[in-house]
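Just below is one structure, and these are the notes that go with it.
The values are calculated or read from the model by the stated rules, or taken from the named source; none is laboratory data. Computed from a prediction, not measured in an experiment: that's the story for all the values here. FYI the Cβ positions are ideal-geometry reconstructions off the backbone, even for glycines, and counts take in every protein chain you see. The protein model used for the area step is the full one, side chains on, heavy atoms only, and it has no ligands, DNA or RNA in it. Shrake-Rupley method; radii C 1.70, N 1.55, O 1.52, S 1.80 Å.
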Amino acid sequence: MVGRGRGLGVSALVIGVLGLVLAVGGFAWLRDAYGVSTVGGSSMRPTYGQGDRVVWERAGGKEVRRGDVVLFTPPESYGFDGPLMKRVVGVGGDRVRCCTLVGSRERVTVNGQPVEEPYVYGGDADGAHQPYDVKVPEGRLFLLGDYRANSNDSRFHLGEQGGTVSENAVLGRVTDDRGVPALLVTTVLLGGVLLLVGVGLGIGFLAVRRRKVAAMPQMPWPVRPSGG
């Protein structure tokens with residue numbers, strides 16, 4: 001009985017602490033490294049449609065590259081209160097122009113090279129029929145939606161540093177890789193299960209201990225001799 005009680009106590013402590021570390025650590029990592037958002041409009045069709053749930057990894061503007069889809073805080077001129085999602089077309093030092101006719105298709109060019117954009121809606125890389133030629137300042141990004149005919153993006157704010165957005169406005173980069181977030185969620189759930197198991201073992205340990213105390217022989221009270 002003594003060995004069993006001690007074993008339950010040690011198991012409860014080890015498993016409970018391990019579960020707490022996994023649950024708290026996994027949750028903190030998940031919260032600090034990733035976010036989940038719902039697409040509120042259609043400017044990123046066909047890649048992401050309105051109502052789609054997207055996972056984004058927290059990343060600074062200096063970490064993103066051309067072609068990345070980013071979540072960012074728009075300037076006041078956008079007239080939108082809340083994060084927006086657009087694709088990075090140009091980074092600091094790039095020259096972005098629209099549009100150049102390549103074969104039968106109009107194409108955006110970056111540093112004089114036509115950009116292959118299989119993600120644009122209907123294959124329309126222009127959409128607005130509004131030419132632009134922007135030299136992206138260092139520390140800023142030129143952003144466009146994938147649905148060029150229905151996107152409020154850098155093209156319509158050319159008077160403000162060529163319509164570019166500060167790298168500091170970037171909140172994160174959208175990712176289609178759900179492997180790491182799923183692993184972190186699994187870690188949190190596993191930690192929660194282990195924590196509950198530890199609590200259950202702890203309750204068992206206390207029950208065994210109480211039975212042990214109840215089973216111990218009671219010492220009789222000493223009888224005082226009478227004074228007669």
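Look at segment 166-181: where a residue is touching a residue at least 12 places away in the same chain (Cβ under 8 Å) and basic (Lys, Arg) and a partner is open to solvent by 30 Å² or more (accessible area, probe 1.4 Å) and assigned to a strand (DSSP E or B), sitting 6+ places away or on another chain with Cβ atoms under 7 Å, you get 173/57.
A search for C-beta distances below 6 Å between a residue of segment 127-144 that is open to solvent by 30 Å² or more (accessible area, probe 1.4 Å) and any residue that is at pLDDT 95 or above and among the hydroxyl-bearing types (Ser, Thr, Tyr), counting only pairs 6+ apart in sequence or on different chains, returns 140/164; 140/166.
In summary, strands (runs of 3 or more DSSP E) completely within segment 25-102 and bearing 2 or more residues that are open to solvent by 40 Å² or more (accessible area, probe 1.4 Å) occur at 34-38, 53-58, 95-102.
The single condition among (1) among the polar types (S, T, N, Q); (2) touching a Pro at 6+ places or on another chain (Cβ under 8 Å); (3) closer than 28 Å to residue 186 by Cα that residue 73 does not meet is (3). Restricting attention to segment 145-180, and to residues there that are within 22 Å of the chain's Cα centre (by Cα) and open to solvent by 70 Å² or more (accessible area, probe 1.4 Å), which single residue is farthest from residue 61 (Cα to Cα)? Applying the filter and picking the extreme gives 178. A search for C-beta distances below 8 Å between a residue of segment 26-46 that is within 14 Å of residue 175 (Cα to Cα) and any residue that is surrounded by fewer than 18 Cβ atoms within 10 Å (Cβ to Cβ) and polar (S, T, N, Q), counting only pairs 6+ apart in sequence or on different chains, returns 39/50.
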